[in-house]
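Reviewing the structure listed below.
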Amino acid sequence: MGVLLLLCLPVAAVAASASSPLAALQLEAIPDAWRDDSGARFELHSLRGENVVVTMAYARCHRTCPLTLRRLQQLQRMFDERGVRGEFVVIGYDPQGDDVRAWHQYRLSHGLRRANWHFLWGNEAQVEQTASLLGLPFWRYDDHIMHEARILFFDTTGLAHEEPELVR
């Protein structure tokens with residue numbers, strides 16, 4: 001149990017720094033109409049009733065996003081060990097680069113073939129609104145997107161938390 005809590009402490013520490021918006025954040029507040037890495041329309045509200053882990057990333061990132069991905073994979077293993085279902089959602093920061101093809105290639109190259117992982121692509125307005133709601137500001141610097149690492153957890157009622165329910 002201690003190891004599991006340590007695993008989540010960096011995430012909780014980041015989430016706690018912006019706890020006021022997080023306190024009332026609902027999954028339904030996030031823009032809903034996305035495309036997943038297969039090209040299909042994906043609506044976040046379809047995950048209501050599930051434990052949902054959400055972050056933002058971009059497919060060409062070589063620093064922050066790989067660390068976030070490893071943390072998500074650790075969380076997947078933790079959920080599996082506990083017998084808890086979870087949906088993992090990665091929303092792309094870069095509408096021009098994080099398209100269906102880029103996310104599909106990302107999924108394949110990282111061995112993320114499970115159906116509970118969702119790599120989403122949307123338009124600029126959706127991305128900006130989502131980043132703002134999730135407390136994940138970003139900005140462009142040359143060919144890079146600068147951003148923080150943050151993972152949010154939504155319980156089965158759609159309410160955001162600093163850490164997954166299963167470690168409480």
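Values for this structure:
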item	result
Pairs where the first residue, in segment 122-144, is under 16 Å from His62 (Cα atoms) and the second is in a helix (DSSP H, G or I), C-beta under 7 Å, 6+ apart	Phe138/Ala131
Some residue of segment 101-108 being touching a residue at least 40 places away in the same chain (Cβ under 8 Å) and under 11 Å from the mean Cα position of the chain (by Cα)	no
Residue satisfying all of: in segment 66-90; in contact (Cβ under 8 Å) with a residue 60 or more places away in the chain and closer than 26 Å to Ala125 by Cβ; surrounded by the fewest Cβ atoms within 10 Å (Cβ to Cβ) among these	Thr68
Checklist (1) in a loop (DSSP other than H, G, I, E, B); (2) closer than 20 Å to Asp99 by Cα; (3) at pLDDT 90 or above applied to Glu50, failing item	(2)
Where Gly39 falls short, out of the listed (1) modelled with pLDDT under 90; (2) closer than 15 Å to Trp121 by Cα; (3) part of a loop (DSSP other than H, G, I, E, B)	(1)
Members of segment 101-120 that are over 20 Å from Phe154 (Cβ atoms) and either surrounded by 12 or more Cβ atoms within 10 Å (Cβ to Cβ) or polar (S, T, N, Q) (or both)	Arg101, Ala102, Trp103, His104, Gln105, Tyr106, Arg107, Ser109, His110
Scan of segment 76-92 for residues that are over 19 Å from Leu108 (Cα atoms) and not acidic (Asp, Glu), ordered by number	Met78, Phe79, Arg82, Gly83, Val84, Arg85, Gly86
Wholly enclosed helices (runs of 4 or more DSSP H) of segment 56-157 bearing at least 1 residues at pLDDT 90 or above, over 21 Å from Ile30 (Cα atoms) and acidic (Asp, Glu)	64-82
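Rundown of residues vs (1) closer than 18 Å to Val54 by Cβ; (2) within 13 Å of the chain's Cα centre (by Cα), yes/no style:
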| residue | (1), (2) |
| --- | --- |
| Asp94 | yes, no |
| Asp99 | no, no |
| Gly111 | no, no |
| Arg114 | yes, no |
| Phe119 | yes, yes |
| Leu134 | yes, yes |
| Tyr141 | no, no |
| Asp155 | yes, no |
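The values are calculated or read from the model by the stated rules, or taken from the named source; none is laboratory data. It should be emphasised that the depicted structure is a prediction, and the values quoted were computed from it without experimental measurement. In this analysis, Cβ positions are derived from the backbone assuming ideal geometry, glycine residues included, and neighbour counts consider all displayed protein chains.
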